[in-house]
Amino acid sequence: MAAKSSDLKLLGGWFSPFASRVKIALNIKGLEYENIEEDLNSKSDFLLRSNPVHKKIPVLIHGDKPICESLVIVQYIDEVWSNGPSILPRDAYDRTIARFWGSYIDDKFVVCMKNILMAAGDEEEKKRHLEQLEEEVLVTLEEAFNKCSEGKSFFGGNKVGFIDIAFGSFLPFLRVFEEMNGREILVADKFPELVNWATNFVEDSTVTGTLPEIDKLVLFATALQEKWVAAKVAAK
């Protein structure tokens, strides 16, 4: 099923790893789309109508139908444009495993990174979350890569797939965290497979142009951190 740019609209933001997931999936399928940048400080009526439950980006508009939540959108794209390169494995069990790791990334990796960002000013709390990221979450993902990749370049084998999209979209934020905390996190001596995978991922043609610039993202993350910390203090 072909799609014209007028058929597909993406409500997202340059800074959003969740929007990057959708952009990569659309690139894999070779689909044209209209990219609509949202200002989260002043959300558009279009966004609020399209995602009235969570009021968040990204939202993919296909014709007049809104689809919400990044990994749900990626699966929708894969199912609707099934004649293009596959994103999820064809085998039912392998698809289930890919979805499991997608959920793990959101439930563990993403939450851990948010906790680190919100722990500004509390060095003990930040240290605890950094240790969880390095000694538990990334160790688990290194092991998952070894099993899922079967010696190939990506979690999905020879090409970018579902787990790659779920995890790889957050690589810029991981680099931002390294800069903000003055320490390397994804290092070759601890995570050799993930380091090689990260290089392959950002250099893949389906990913090029979808990830934000690190310097610009540092400024965004710093402002976001200040906002969250202020809200945390105000709630006490």
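Each reported figure results from applying straightforward, stated rules to the coordinates on display, with no laboratory input. None of the values given here were measured: they were computed from a predicted structure. Note: ideal-geometry Cβ built from the backbone for every residue, glycine included; neighbour counts use all protein chains shown.
Here is the list for the range 126-214: trypsin sites (Lys or Arg not before Pro) lying in DSSP coil, each with at most 14 other C-beta atoms within 10 angstrom of its C-beta, are K152, R183. The fraction of all Cα pairs in the range 8-81 landing in successive 5 Å bins from 0 to the largest distance is 3, 18, 33, 28, 13, 5, 1, given as whole percents. Checking the table K23/K65; K65/K216; K9/K232 against a 25 Å threshold on Cα-Cα, which pairs fail? Flagged as over cut-off: K65/K216; K9/K232. Of the trypsin sites (Lys or Arg not before Pro) found in the range 45-99, those that fall in a DSSP loop while having at most 14 other beta-carbon atoms within 10 Å are K55, R90.
At 222 nm, what value in deg cm²/dmol follows for the chain if DSSP H runs of at least 4 each add -39500 (n - 2.57) and the sum is divided by all its residues, to the nearest 500? Helix contribution divided over all residues of the chain: -16000 deg cm²/dmol. Cross-link check: pairs K29/K126; K127/K159; K159/K190; K55/K159 evaluated at a Cα-Cα cut-off of 31 Å; pairs beyond the cut-off: K29/K126; K127/K159; K55/K159.
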